[in-house]
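Worksheet: one structure, shown below.
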Amino acid sequence: MTGIWKSVWIMVAAAALTAACSERTSQITLMIGGAPAELDYWESTIREFSQASGIDVNLMRQPTDTDQRRQSLIIPLKAGQKDPDVFLMDIIWIGQFAASRWLEPLDGYVDRDHFDLTSFFPGMVDFADKYEGQTVALPVYVDAGLIYYRTDLLREYGFAGPPETWSELVDMAARVQAGERRANPGFWGFVWQGAQYEGLICDFLEFALSNGGALVDHAGNPTFDRPENTRALQFMIDLIATYKISPPNTYTEMKEEEVRTAFEAGNALFERNWPYAWGLHQGASSPVRDKVGISLIPRGEGGGHVAALGGWHIAVSSSSDDKRSSWELVKFIVSPEVQLGFALNLGWNPARQDIYDSPELVKMAPHLVTLKQVFMTASARPNVPYYSMLSRVLQAQVNAALSGITPPGAALTRAQSEAVKVVETYRQ
């Protein structure tokens with residue numbers, strides 16, 4: 001090959017290589033967990049995104065267990081690895097991840113694309129997805145506490161509908177329980193989560209805030225020993241020990257599934273649980289099928305209806321090497337079309353309030369009309385990086401009060417003292 005033609009060949013090859021590189025799609029990584037059916041649906045969703053955007057997405061599967069999912073995220077994020085670019089977080093991880101500077105602030109992308117954050121439920125982004133004034137995540141699907149009730153039993157005992165207040169719940173539960181125990185000695189008026197685990201804090205938050213209390217102030221400082229919180233904890237104790245409408249094993253055994261199975265077996269009038277229980281209560285083999293209604297968490301003195309907010313949120317890693325493409329994926333996942341698909345195919349509760357007006361969704365799941373009202377009342381657990389430590393402190397003391405080991409005032413005073421030490425240690 002002559003020198004001239006050799007030079008020409010090199011130039012042509014270089015031009016071809018440049019063109020190939022310019023046409024090459026971006027590639028990002030999404031880390032996701034869940035049940036096999038959920039992961040399969042994610043695969044099809046991501047294929048749609050790649051076909052529409054030209055951005056390849058590598059799906060990294062996580063375990064189903066929530067704690068294992070959290071750990072599998074912490075390891076690469078702490079190491080500053082470029083993958084995963086995008087991932088889902090349980091709502092209670094956001095504060096810790098944001099404080100560790102693992103989450104890319106999204107406000108610049110939101111402003112550039114004129115992305116409407118008001119499409120989500122009121123305050124949800126502010127409660128859960130902002131840290132130090134910056135938006136660091138967006139909600140994908142939402143959970144919140146609610147009350148399940150037996151429609152047939154309320155009607156049989158002369159009640160027009162579910163309780164509006166906690167005192168009404170006590171009156172209804174006591175009356176129906178007394179009547180039903182003539183044939184079913186194991187019947188209870190109200191079952192809820194009282195065992196020493198995270199679910200207890202969700203219940204306590206609802207009791208406290210619905211009575212005008214609060215767990216932290218605006219600066220993230222604990223306010224566990226407020227009088228309103230003490231009254232709420234005393235009420236929780238009274239449900240078991242005084243009114244005797246909640247079972248004695250509430251503080252030793254009652255978690256979500258124990259509560260659900262008791263209600264589903266026909267052994268309770270009211271149940272505090274999450275939306276997932278609806279589909280199971282309405283299952284073909286359920287003894288309470290078509291006898292179940294849902295309503296807001298009752299309000300107490302000095303408060304309103306308050307539901308503990310749960311769910312999963314999506315974020316972009318601050319170590320991602322393609323943040324722009326990652327943001328495009330985030331936008332796609334929280335879009336109306338994809339949110340509706342999650343609801344129709346996986347039964348997830350959309351984080352966008354506009355989805356609940358979809359005729360297709362209302363026809364398939366009419367109970368979502370009430371769920372929309374529940375989500376309007378949702379309040380997040382404290383969005384602070386040391387939340388997990390605060391939760392462990394509060395779990396121990398609230399459970400000790402429920403079991404009769406420690407008076408409620410003393411339990412919350414002790415919890416407050418320990419929580420202050422946690423905050424002081426963290427801020428050193």
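The values are calculated or read from the model by the stated rules, or taken from the named source; none is laboratory data. All of these numbers come straight from a predicted model, not from anything done at the bench. Positions of Cβ are generated from backbone atoms using ideal geometry, with glycine treated the same way; all protein chains shown enter the neighbour counts.
Take the residues of region 279-301 that are of a type outside the set (Gly, Ala, Ser) and surrounded by fewer than 20 Cβ atoms within 10 Å (Cβ to Cβ): which is modelled with the lowest pLDDT? Steps first, answer last, please.
Initially, region 279-301 is screened for residues of a type outside the set (Gly, Ala, Ser), giving 280-282, 287-292, 294, 296-299, 301.
Of the ones still in play, those that are also surrounded by fewer than 20 Cβ atoms within 10 Å (Cβ to Cβ) are 280, 282, 287, 289-291, 301.
Numbers: 280: 94, 282: 94, 287: 97, 289: 97, 290: 96, 291: 98, 301: 81.
The qualifying residue modelled with the lowest pLDDT is 301.
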Condition (residue is out of contact with any Lys or Arg (no Cβ under 6 Å at 6 or more places or on another chain), without any contact (Cβ under 8 Å) to a residue 24 or more places away in the chain and either within 28 Å of residue 136 (Cβ to Cβ) or in a loop (DSSP other than H, G, I, E, B) (or both)) applied to region 299-314: is it met by at least one residue?
no
Selection within region 332-343 - surrounded by fewer than 16 Cβ atoms within 10 Å (Cβ to Cβ) and outside any loop (DSSP other than H, G, I, E, B)
336, 337
Hey, among 263, 270, which residue is surrounded by 24 or more Cβ atoms within 10 Å (Cβ to Cβ), farther than 14 Å from residue 203 by Cβ and among the hydrophobic types (A, V, I, L, M, F, W, C)?
263
If we ask which residues in region 229-250 are assigned to a helix (DSSP H, G or I) and either farther than 23 Å from residue 143 by Cα or without any contact (Cβ under 8 Å) to a residue 40 or more places away in the chain (or both), their number turns out to be 11
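Quick grid of which residues meet (1) of a type in the set (D, E, K, R); (2) within 22 Å of residue 305 (Cα to Cα); (3) within 24 Å of the chain's Cα centre (by Cα):
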{"site": "186", "(1), (2), (3)": "no, no, no"}
{"site": "203", "(1), (2), (3)": "yes, yes, yes"}
{"site": "213", "(1), (2), (3)": "no, yes, yes"}
{"site": "216", "(1), (2), (3)": "no, yes, yes"}
{"site": "224", "(1), (2), (3)": "no, yes, yes"}
{"site": "228", "(1), (2), (3)": "yes, yes, no"}
{"site": "246", "(1), (2), (3)": "no, yes, no"}
{"site": "251", "(1), (2), (3)": "no, no, yes"}
The conditions are (1) within 15 Å of residue 322 (Cβ to Cβ); (2) at pLDDT below 95; (3) out of contact with any helix residue (DSSP H, G or I) (no Cβ under 9 Å at 6 or more places or on another chain); (4) not hydrophobic (A, V, I, L, M, F, W, C), and residue 50 fails exactly one of them. Which is it?
(2)
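Go through region 347-423 and tell me which helices (runs of 4 or more DSSP H), entirely inside it, have 2 or more residues that are touching a residue at least 24 places away in the same chain (Cβ under 8 Å), in contact with a helix residue (DSSP H, G or I) (Cβ under 9 Å, 6 or more places away or on another chain) and within 13 Å of residue 201 (Cβ to Cβ). So that I can check it myself, show each step before the final result.
On the way: elements: 359-364, 368-376, 387-402.
The helices (runs of 4 or more DSSP H) meeting that bar are 387-402.
Could you please let me know if residue 76 is crowded, with 18+ Cβ neighbours inside 10 Å, modelled with pLDDT of 95 or more, out of contact with any helix residue (DSSP H, G or I) (no Cβ under 8 Å at 6 or more places or on another chain) and of a type outside the set (D, E, K, R)? Break it down into steps so the answer makes sense when it comes.
Numbers: crowded, with 18+ Cβ neighbours inside 10 Å: yes; modelled with pLDDT of 95 or more: yes; out of contact with any helix residue (DSSP H, G or I) (no Cβ under 8 Å at 6 or more places or on another chain): yes; of a type outside the set (D, E, K, R): yes.
It is true that residue 76 is crowded, with 18+ Cβ neighbours inside 10 Å, modelled with pLDDT of 95 or more, out of contact with any helix residue (DSSP H, G or I) (no Cβ under 8 Å at 6 or more places or on another chain) and of a type outside the set (D, E, K, R).
I need a count of the residues in region 101-120 that are touching a strand residue (DSSP E or B) at 6+ places or on another chain (Cβ under 7 Å) and either under 24 Å from residue 377 (Cα atoms) or in contact (Cβ under 8 Å) with a residue 60 or more places away in the chain (or both).
Applying the first criterion (touching a strand residue (DSSP E or B) at 6+ places or on another chain (Cβ under 7 Å)) to region 101-120 yields 102-107, 110, 119-120.
Remaining after also requiring either under 24 Å from residue 377 (Cα atoms) or in contact (Cβ under 8 Å) with a residue 60 or more places away in the chain (or both): 102-104, 106, 119-120.
The qualifying residues number 6.
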